[in-house]
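Worksheet: one structure, shown below.
The values are calculated or read from the model by the stated rules, or taken from the named source; none is laboratory data. Every value quoted in this text rests on a predicted model; they were computed, and no experiment measured them. Note: ideal-geometry Cβ built from the backbone for every residue, glycine included; neighbour counts use all protein chains shown. With ligands, DNA and RNA removed, areas are computed over all heavy atoms of the protein, side chains included. Shrake-Rupley method; radii C 1.70, N 1.55, O 1.52, S 1.80 Å.
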Amino acid sequence: MIEITLKGGTIKTYDAPVSAADVAKDIGMGLYKSACAARVNGEVCDLRTELTDSCALEILTFDDEDGRKTFRHTASHILAQAVKRLYPETKLAIGPAVDNGFYYDFDSETAFTPDVLVKIEAEMKKIVKEDLKLESFTLSPEEALAMMEEKGETYKVELIKEHAEKGEPISFYKQGEFTELCAGPHLMSTGAVKAFKLTSCTGAYWRGDEKNKMLQRIYATAFPKAAALEEYLQQVEEAKKRDHNKLGRELELFTTSDVIGQGLPIMLPKGARIIQLLQRFVEDEEQRRGWLLTKTPFMAKSDLYKISGHWDHYQDGMFVLGDEEKDKEVFALRPMTCPFQYQAYLNKPRSYRDLPLRYNETSTLFRNEASGEMHGLIRVRQFTISEGHLMCTPEQLEDEFRGCLELANYMLQTLGLYEDVSYRFSQWDPNDRDKYIGTPEQWDEAQGVMQTILDDLGLDYKIGIGEAAFYGPKLDIQIKNVHGKEDTLITIQIDQMLAEKFDMEYTDKDGTKKNPYIIHRTSIGCYERTLALLIEKYAGAFPLWLAPEQVRILPIADRHHDRAYEIKKELEKAGLRVTVDDRSEKIGYKIRETRLQKLPYWLIVGDKEVENGDVSVSHRGEGDIGSMELDAFLFRLTEEVSTKARD
């Protein structure tokens, strides 16, 4: 007797092995038709999976994240099959599902222009209409290599050779004449993919390495229903309008220059002002919470990075100045601040009475990002970050970690980003130990301590295997840009290894020397990335306290200029950022331009305002507010700024 425990606790019993698909059908045809995959004892698997023993079973639909991935992974196979039908000489690389759809990388002599994408879409529709059954099978590594070598699929051969070292069978899926190297899971047939769209084609290096060949990457998305696809495409169009890389340039917040280099943005006055406001806000709040400001060098000798482990584990991501084989001293621009602030700790002997010791710094860092990874302000080669390192005793660790998280959440709430983030507990990958320092026992201890803290805090988090720093586990606060790409905004890490490497000690109550725990943290993350997210969040209409230009005064005629500048002076006394548009343009034109620049407030000054001393107030959201006394307007704005209110 096989007992299948369903989500919710219902138990179904069977006398013989049964597939997950059959159980779904047994529950109801509606569920069966919408089923994409299954989760058996917590593991995502194919609907074809035979259930031979009692287990917990959950049927996954498109509404589930893993169900969506399965659906779109099948769509990527349909795309690859269509390309091979139309352009048989094309070599296939990889085609995973991603957050908002899927992509496939191709090596083809044919340029995948918009016209070609239309042809590929048409062929995909034929494959869907054919309702081809997907069948899984396995081959030995030798058989798998022979098959893909015969097909001339060089990229698949490379992947198989890597997996062959494990000695495990190699998994494939077949649909019609098309066979693909794939671990699955997949839908039952191609006919379920009712709605899809090829959205773009870009260049992408094989495996993201610029030393490898540039392939053509077709991006696409897929949904079970056409209405859902249409809604998504409308959201994409709205996202394009909010894209910081477009809007930030239009609003003259930042620019770039080919002669300076990729990933090195230039902050224009408005963008520089916003970052300055953010930095002042962060540094003042950190000081209020007991953090001590340091200022450390932008570079150091290789000796420092060799102690920290960055030289061995992160050198490819660093800008190195000099050649170890030729030069007596080799320097590198700093990719992070931690080893520098450790030197501040080592400035004098420490006692348990000195702890916790909290160092913060507005740090400019340098990372040699690959050209294909950079995008606007989201990922750059030089950036400024609100970095901090906290040394504490084991007894203080949980409270101090909580304090770091509370600081980060306060920043997110103030900026209006709190509702948009998720949390990831980033752990090491014990199967790839070369990436990390320390022993498995040290990692188990560090991750155990962190998990206890996160669970005590009641935090809802996902686990990311292989996402830890090379020296310790971390809590990553993740956020998506308008296009759905996820990046880390803020990170809080627990480190029990680097203190020992740097001989960082304190004298405990019993007189013994001990290594402190170290918490690495950012409070607002990278300022450039934060600015990009704020541009997209507010579509350029920043909250008043962050707006680089808070009020614009619009005199109707030349005779109103004197009064306009008098008002400007009064507002500036209160610390507001004010300009006067004294151009000889019609007032309607000035208002339209002000609206396009998304300014919070503008004041119209004409004969009436000059005569009675009031101001005519308009707000980008409320429209024409009407006439106000200057003092009343000033009170409104100072209150809005002091509370950091959002529209």
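Of all residues in segment 177-204, exactly one satisfies the criterion of being closer than 18 Å to residue 85 by Cα and part of a loop (DSSP other than H, G, I, E, B), namely 177. For beta carbons closer than 6 Å, sequence separation of 6+ or different chains, a first residue in segment 1-23 that is open to solvent by less than 30 Å² (accessible area, probe 1.4 Å) and a second that is part of a strand (DSSP E or B) and of a type outside the set (A, V, I, L, M), the qualifying pairs are 2/14; 4/12; 19/50. Among the residues of segment 438-447, none qualifies, meaning not one is over 23 Å from residue 350 (Cβ atoms), part of a loop (DSSP other than H, G, I, E, B) and touching a His at 6+ places or on another chain (Cβ under 9 Å). In segment 625-647, the qualifying residues are those that are open to solvent by 60 Å² or more (accessible area, probe 1.4 Å) and under 43 Å from the mean Cα position of the chain (by Cα), and the one that is farthest from residue 539 (Cα to Cα) is 635.
Taking segment 466-493 as the region of interest, how many residues are farther than 10 Å from residue 425 by Cα and outside any strand (DSSP E or B)? Summing the residues that are farther than 10 Å from residue 425 by Cα and outside any strand (DSSP E or B) in segment 466-493 gives 8. Considered as a group, the residues in segment 307-345 that are open to solvent by less than 30 Å² (accessible area, probe 1.4 Å) and assigned to a loop (DSSP other than H, G, I, E, B) include one that is farthest from residue 294 (Cα to Cα), and that residue is 330.
Checking the condition within 17 Å of the chain's Cα centre (by Cα) and farther than 30 Å from residue 539 by Cα, which residue from 425, 401, 383 passes?
Values: 401 fails: within 17 Å of the chain's Cα centre (by Cα); 383 fails: farther than 30 Å from residue 539 by Cα.
After ruling out the rest, the residue left standing is 425.
For the subset of segment 40-55 comprising residues that are open to solvent by 60 Å² or more (accessible area, probe 1.4 Å) and in contact (Cβ under 8 Å) with a residue 24 or more places away in the chain, which member is nearest to residue 135 (Cα to Cα)?
Narrowing segment 40-55 to residues open to solvent by 60 Å² or more (accessible area, probe 1.4 Å): 41, 43, 50, 52-54.
Adding the requirement that they be in contact (Cβ under 8 Å) with a residue 24 or more places away in the chain leaves 50, 52-54.
Details: 50: 14, 52: 20, 53: 23, 54: 25 Å.
Among those residues, the one meeting the criterion is 50.
Considering (1) over 21 Å from residue 382 (Cβ atoms); (2) part of a loop (DSSP other than H, G, I, E, B), the lone condition that residue 261 does not fulfil carries the number (1). Of the candidates 530, 512, 507, the single residue that is hydroxyl-bearing (Ser, Thr, Tyr) and within 29 Å of residue 382 (Cα to Cα) is 530. For the subset of segment 2-22 comprising residues that are outside any strand (DSSP E or B) and of a type in the set (Asp, Glu), which member is farthest from the chain's Cα centre (by Cα)? The residue in question is 15. When segment 393-408 is filtered for residues that are crowded, with 16+ Cβ neighbours inside 10 Å and within 28 Å of residue 531 (Cβ to Cβ), the ones remaining, listed by number, are 401, 403, 404, 405, 407, 408.
State yes or no: is residue 390 in contact with a Lys or Arg (Cβ under 9 Å, 6 or more places away or on another chain), surrounded by fewer than 21 Cβ atoms within 10 Å (Cβ to Cβ) and at pLDDT 95 or above? Full working, then the answer.
Numbers: in contact with a Lys or Arg (Cβ under 9 Å, 6 or more places away or on another chain): yes; surrounded by fewer than 21 Cβ atoms within 10 Å (Cβ to Cβ): no; at pLDDT 95 or above: yes.
No, not satisfied.
Within segment 103-118, residues that are closer than 23 Å to residue 156 by Cβ have Cβ atoms under 8 Å from residues that are among the hydrophobic types (A, V, I, L, M, F, W, C) and in a loop (DSSP other than H, G, I, E, B) in these pairs: 104/93; 104/94; 105/93; 105/94; 106/93; 106/112; 107/93, counting only partners at least 6 apart in sequence or on another chain.
For the residues 217, 280, 249, 273, the requirement of being under 23 Å from the mean Cα position of the chain (by Cα), assigned to a helix (DSSP H, G or I) and either charged (D, E, K, R) or at pLDDT 95 or above (or both) singles out 249. Of the residues making up segment 518-553, just one is touching a strand residue (DSSP E or B) at 6+ places or on another chain (Cβ under 7 Å), in a loop (DSSP other than H, G, I, E, B) and either of a type in the set (Asp, Glu) or open to solvent by 20 Å² or more (accessible area, probe 1.4 Å) (or both), namely 549. Yes or no: segment 295-302 includes at least one residue that is within 30 Å of the chain's Cα centre (by Cα) and without any contact (Cβ under 8 Å) to a residue 24 or more places away in the chain. There is no residue in segment 295-302 that is within 30 Å of the chain's Cα centre (by Cα) and without any contact (Cβ under 8 Å) to a residue 24 or more places away in the chain. Please verify whether residue 512 is hydroxyl-bearing (Ser, Thr, Tyr) and either in contact with a Gly (Cβ under 8 Å, 6 or more places away or on another chain) or in contact (Cβ under 8 Å) with a residue 12 or more places away in the chain (or both), treating the condition exactly as stated. No; evaluated as a whole, the condition is false for this residue.
Screening residue 413 on (1) under 28 Å from residue 277 (Cβ atoms); (2) open to solvent by 10 Å² or more (accessible area, probe 1.4 Å); (3) assigned to a helix (DSSP H, G or I); (4) touching a residue at least 12 places away in the same chain (Cβ under 8 Å) shows it passes everything except condition (4).
Here residue 426 meets the list (1) hydroxyl-bearing (Ser, Thr, Tyr); (2) in a helix (DSSP H, G or I); (3) crowded, with 20+ Cβ neighbours inside 10 Å almost entirely, failing just condition (2).
Yes/no per residue for (1) in contact with a Gly (Cβ under 7 Å, 6 or more places away or on another chain); (2) more than 19 Å from residue 542 (Cβ to Cβ); (3) open to solvent by 80 Å² or more (accessible area, probe 1.4 Å):
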position	(1), (2), (3)
229	no, yes, no
235	no, yes, yes
241	no, no, yes
245	yes, no, no
258	no, yes, yes
265	no, no, no
268	no, no, no
278	no, no, no
285	no, no, no
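In segment 498-517, of all residues being assigned to a strand (DSSP E or B) and hydroxyl-bearing (Ser, Thr, Tyr), the one that is farthest from the chain's Cα centre (by Cα) corresponds to 507. Being farther than 14 Å from residue 192 by Cβ, open to solvent by 30 Å² or more (accessible area, probe 1.4 Å) and either in contact with a His (Cβ under 7 Å, 6 or more places away or on another chain) or touching a residue at least 40 places away in the same chain (Cβ under 8 Å) (or both) is the filter here; which residues of segment 56-73 pass it? Answer for segment 56-73, where residues must be farther than 14 Å from residue 192 by Cβ, open to solvent by 30 Å² or more (accessible area, probe 1.4 Å) and either in contact with a His (Cβ under 7 Å, 6 or more places away or on another chain) or touching a residue at least 40 places away in the same chain (Cβ under 8 Å) (or both): 56, 58.
The rows are residues; the columns are (1) open to solvent by 80 Å² or more (accessible area, probe 1.4 Å); (2) within 19 Å of residue 181 (Cβ to Cβ); (3) outside any loop (DSSP other than H, G, I, E, B).
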residue	(1), (2), (3)
94	no, yes, no
104	no, yes, yes
121	no, no, yes
126	yes, no, yes
134	no, yes, yes
138	yes, yes, yes
143	yes, yes, yes
147	no, yes, yes
156	no, yes, yes
